[in-house]
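Each remark here refers to the structure printed beneath this line.
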Amino acid sequence: MWTKINDCGKQLTIHSKLRERDDDQVKVYEIIAIEFDQYKVELIDTNDPSAGERLQQVLTCKQLVQYGFEVRVRDLNL
């Protein structure tokens, strides 16, 4: 299940999966490092063949919220 990010400190940890959706494009990232309010993410899956392989970027919490990223939430009842 995916949910919108609204509190980075409570929702995000190392290895969290993030999803970015834009029209028909979907990109899934993994958080590989956290330093203060900066999250280093690596692209791990996409349906966009023109996307770079293993693209890495650093985003702030404000950017993650502004761009509408979602975090994958595990079902605790499993």
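The test for being charged (D, E, K, R) and out of contact with any strand residue (DSSP E or B) (no Cβ under 7 Å at 6 or more places or on another chain) does not hold for D48. Here the range 31-58 is the region considered, the condition is being in contact with a Ser or Thr (Cβ under 7 Å, 6 or more places away or on another chain) and in a strand (DSSP E or B), and the residue that is farthest from R74 (Cα to Cα) is Q38.
Selection within the range 14-30: residues that are of a type outside the set (K, R), surrounded by 11 or more Cβ atoms within 10 Å (Cβ to Cβ) and under 18 Å from R74 (Cα atoms). The member of this set that is farthest from the chain's Cα centre (by Cα) is I14.
Criterion first (β-branched (V, I, T) and either touching a His at 6+ places or on another chain (Cβ under 8 Å) or in a loop (DSSP other than H, G, I, E, B) (or both)) does T13 satisfy it? Yes, satisfied.
None of the figures in this text is laboratory data; all of them are computed from the coordinates on show. Remember, predicted model here, so these are calculated numbers, not experimental data. Note that each Cβ is placed from the backbone with ideal geometry, even for glycine, and that neighbours are counted across all protein chains shown.
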